[in-house]
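Peer 1: One structure follows; several queries about it will come next.
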Amino acid sequence: MSTDHMSTPTKIRVATTWLDGCSGCHMSFLDMDERLIALAERIEIVYSPLVDTKELPEQVDVGILEGSISSEDDLEKAKTFRKRCKLLVSLGDCAVNGNVPSMRNHFKLADVMDRAYRENVTLQPQIPTREVPALLGTVKPIHGVVPVDIFVPGCPPRADAIWHVLSELIEGRIPDPSQVTRFGA
Ligand code: SF4
């Protein structure tokens, strides 16, 4: 059968990155296994730790952020994603409510730095001043610094939930992840 008359579906342009997280949400993305092949027909990953691109394009359809906002670097990345992505997704509990990274909010930043870089270190204990992005005073969820369109809780969200969200977006619908997600699951 000739396919000349059939048009290739438009791919949605997706960008992802991780902020202060453990990369587990991205691993759950990969857990979609063979469904990734079907996804590749309908989405183009234009920037992500999962692919070899170094620059976030100016125009992206869907931006997906894992992790919370803990450093100045996280803050800048979240702002840039918000500016360049039509829809912004908070992926995972760290992005949605701060989760593990926000546990340091119970302590003063100076005490946290001391604990990590001086008290528990035997070889050249010192607070880093170069190469490491400066930490913010408190950790925030993504929507604490930029507006978020879609929240996908879970630690990590199940691959089925991520599949549901992306499938709905591909069809041009705004997904409602509340039926397929729960915090901590
Ligand atoms: S939500 Fe859980 S899996 Fe995802 S980055 Fe945070 S700790 Fe890791």
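All of the numbers you see were taken from the coordinates with simple rules; none came from a lab. Quantities reported herein were computed from a predicted structural model and do not represent experimental measurements. Cβ placement follows ideal geometry from the backbone for every residue including glycine, while neighbour counts extend to all protein chains displayed.
Peer 1: Subtract the Cα-Cα distance of residue 10 and residue 83 from 0.36 nm times their separation in residues, and report this length gain in nm to one decimal. Present the calculation step by step, with values, prior to reporting the outcome.
Peer 2: Working: separation 73, 0.36 × 73 = 26.28 nm, distance 2.24 nm.
Full-extension gain reported as 24.0 nm.
Peer 1: Can I ask one more? May I ask which residue of 23, 48, 136 lies farthest towards the positive end of the charge dipole of the chain, with charges of +1 (Lys, Arg) and -1 (Asp, Glu) on Cβ and the Cα centre as origin?
Peer 2: Among 23, 48, 136, the one farthest towards the positive end of the dipole of the chain is 136.
Peer 1: Right, next: Which GluC sites (Glu not before Pro) in the stretch 1-93 sit in a loop by DSSP (not H, G, I, E or B) and have at most 11 other Cβ atoms within 10 Å of their own Cβ? Mind dumping the intermediate values first?
Peer 2: Numbers: sites: 34, 41, 44, 55, 58, 66, 72, 76; in loops: 34, 55, 58.
Qualifying residues, ordered by number: 34, 55, 58.
Peer 1: With r defined as the distance between the Cβ atoms of residue 37 and residue 179 and R0 fixed at 25 Å, what FRET efficiency is calculated, to the nearest 0.05? All intermediate terms of the calculation are to be shown ahead of the outcome.
Peer 2: Values: r = 25 Å, r/R0 = 1.01.
Calculated value: 0.50.
Peer 1: Could you give the dipole magnitude of the chain about its Cα centre, charging the beta-carbon of Lys and Arg +1 and that of Asp and Glu -1, in debye to the nearest 20?
Peer 2: Numbers: 20 positive and 26 negative charges, 104 e Å.
I would put it at about 500 debye.
Peer 1: Moving to a separate point now. Based on the Cα coordinates of the stretch 12-177, what is the per residue volume of their convex hull in Å³?
Peer 2: Numbers: hull volume 20.6 nm³, N = 166.
Hull volume over Cα atoms, normalised by residue count, gives 124 Å³.
Peer 1: Related question: Among the lysines, select those whose C-alpha is under 17 Å from the C-alpha of residue 11, and discard any that sit fewer than 8 residues away in the same chain.
Peer 2: Counting by Cα, and skipping residues close in sequence, residue 11 has these lysines nearby: 86.
Peer 1: Could you give the Stokes-Einstein D for the stretch 38-132 in µm² per second, using the C-alpha Kirkwood radius, 4 °C, 1.567 mPa s?
Peer 2: Estimated diffusion coefficient is 81 µm²/s.
Peer 1: I've got another one for you. Which aspartates and glutamates, if any, have their Cα less than 16 Å from the Cα of residue 83, not counting same-chain residues under 8 positions apart?
Peer 2: 55, 58, 61, 73, 74, 149
Peer 1: What are the lysines whose alpha-carbon lies under 27 Å from the alpha-carbon of residue 108, with same-chain residues fewer than 8 places away excluded?
Peer 2: 77, 79, 140
Peer 1: Continuing with this model, one more query. Within the stretch 119-185, which GluC sites (Glu not before Pro) sit in a loop by DSSP and count at most 10 neighbouring Cβ atoms inside 10 Å? Numbers along the way, then the final one.
Peer 2: Numbers: sites: 119, 131, 168, 171; in loops: 131, 171.
Of the GluC sites (Glu not before Pro), the ones in loops of the stretch 119-185 whose Cβ has at most 10 other Cβ atoms within 10 Å are 131, 171.
Peer 1: Return the single residue from 96, 145, 112 with maximal mean-square fluctuation; model: Gaussian network over the chain, springs between Cα atoms under 10 Å.
Peer 2: Maximum fluctuation in the GNM of the chain, among the listed residues, is at 112.
Peer 1: Given the options 125, 153, 163, identify the residue whose Cα lies farthest towards the positive end of the charge dipole of the stretch 112-185 (+1 on Cβ of Lys, Arg; -1 on Cβ of Asp, Glu).
Peer 2: 125
Peer 1: Could you give the length gained on full extension between residue 54 and residue 168, defined as 0.36 nm per residue of separation minus the Cα-Cα distance, in nm?
Peer 2: Details: separation 114, 0.36 × 114 = 41.04 nm, distance 2.75 nm.
Contour length minus the Cα-Cα distance gives 38.3 nm.
Peer 1: From the phi of every residue in the stretch 132-145, what ³J(HN,Hα) in whole Hz does the Karplus formula 6.51 cos²θ - 1.76 cosθ + 1.60 yield, where θ is phi - 60° and glycine or proline is x?
Peer 2: 10, x, 5, 6, 7, x, 9, 8, 10, x, 4, 6, x, 10
Peer 1: Filter the trypsin sites (Lys or Arg not before Pro) in the stretch 80-123 to those in DSSP coil with at most 12 other Cβ atoms within 10 Å of their Cβ, and list the result. Mind dumping the intermediate values first?
Peer 2: Working: sites: 82, 83, 84, 86, 104, 108, 115, 118; in loops: 108.
When the trypsin sites (Lys or Arg not before Pro) of the stretch 80-123 are filtered for loop state and at most 12 Cβ neighbours within 10 Å, 108 remain.
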